[in-house]
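To start, the structure itself, in structure tokens.
Please treat every number below as a calculation from the coordinates, not as lab data. These figures come from a predicted structure and were not determined experimentally. Quick reminder, even Gly has a Cβ in these numbers, built from the backbone with ideal geometry, and neighbours come from all protein chains shown.
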Amino acid sequence: MKTYRKELYFNTKNRVEFINITRNVEKALEESNIKEGLCLVNAMHITASVFINDDEAGLHKDYYKWLEKLAPHEPVNNYNHNRTGEDNGDAHLKRQIMGREVVVAITGGKLDFGPWEQIFYGEFDGRRQKRVLIKIIGE
Ligand code: ZN
């Protein structure tokens, strides 16, 4: 069995941002030279997500709106977590609902997606360097 590991780095301009990382993952898969197996992609921070969905601008606006309604950033003193001196209580909750990681099957050297599936990095407490891990195992 072969294994391949790679980290991606992000430093978003905004606190909340969604970035399509499908091409980055495909590139890692090419580098791995693995044709059959599994590809794990996970956020390495507890205020960021990796998720799969459609690359459609309306949907992404809906995510912003929905997440902000579920866990508004302001007022920051609404969160017990922020009593630690942080201001990212909302970001931890947003990360929880959008998920930590995805696993995609690799078939014939390609990511074996369903229709319209794309991989996204979801940032909820950005403006500093953060990482995503790609781990690929197979033959
Ligand atoms: Zn925190």
What ranking do 21-34, 104-117, 43-56 get when scored by the average of other Cβ atoms within 10 Å per residue, highest first? 43-56, 21-34, 104-117
Projected label distance in nm at Arg127 and Trp66, using a 7 Å step from Cα toward the beta-carbon: 2.6 nm
Give me the one-decimal Kirkwood hydrodynamic radius in Å for the chain, with the sum taken over alpha-carbon pairs. 15.8 Å
Just Gln96, Gln129, Gln118 to compare: in a GNM of the chain, with alpha carbon springs under 10 Å, which one fluctuates most? Gln129
Okay, helix-only estimate at 222 nm for the chain: each DSSP H run of n ≥ 4 adds -39500 (n - 2.57), divide by all residues, round to 500 deg cm²/dmol; what do you get? -8000 deg cm²/dmol
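Students often get this wrong, so check it: of Lys2/Lys94; Lys27/Lys61; Lys27/Lys69; Lys110/Lys130, which have C-alpha atoms separated by over 30 Å?
Working: Lys2/Lys94 34 Å; Lys27/Lys61 28 Å; Lys27/Lys69 36 Å; Lys110/Lys130 26 Å.
Exceeds cut-off: Lys2/Lys94; Lys27/Lys69.
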For labels at His92 and Asn11 in the simple 7 Å Cα→Cβ model, what's the distance in nm? 2.6 nm
Between the Cα axis of helix 22-32 and the main Cα principal axis of the chain, the angle (0 to 90°, nearest 10) is 40 degrees
Relative to the first principal axis of the alpha-carbon coordinates of the chain, what is the inclination of helix 57-70, with its axis defined by its Cα atoms, in degrees from 0 to 90 and to the nearest 10? 40 degrees
Nothing charged except the Cβ atoms of Lys and Arg (+1) and of Asp and Glu (-1): what's the magnitude of the dipole of the chain about its Cα centre? Round to the nearest 20 debye. 420 debye
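Over region 3-139, calculate the relative contact order: mean separation of alpha carbon pairs under 8 Å at least 6 apart, over the residue count, as a percent. Spell out each step's value before the answer.
Working: 273 pairs, mean separation 74.9, N = 137.
Worked out over region 3-139, it gives 55 percent.
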Of Tyr9, Asn78, Phe120, which is farthest towards the positive pole of region 2-138's charge dipole, taken about the Cα centre with +1 and -1 on the beta-carbons of Lys, Arg and Asp, Glu respectively? Tyr9
Suppose the chain between Glu101 and Ile19 were pulled fully straight at 0.36 nm per residue; how much longer would it get relative to their current alpha carbon spacing? 28.1 nm
Can you tell which of Asn77, Asn42, Asn20 shows the greatest fluctuation in a Gaussian network model of the chain with Cα springs below 10 Å? Asn77
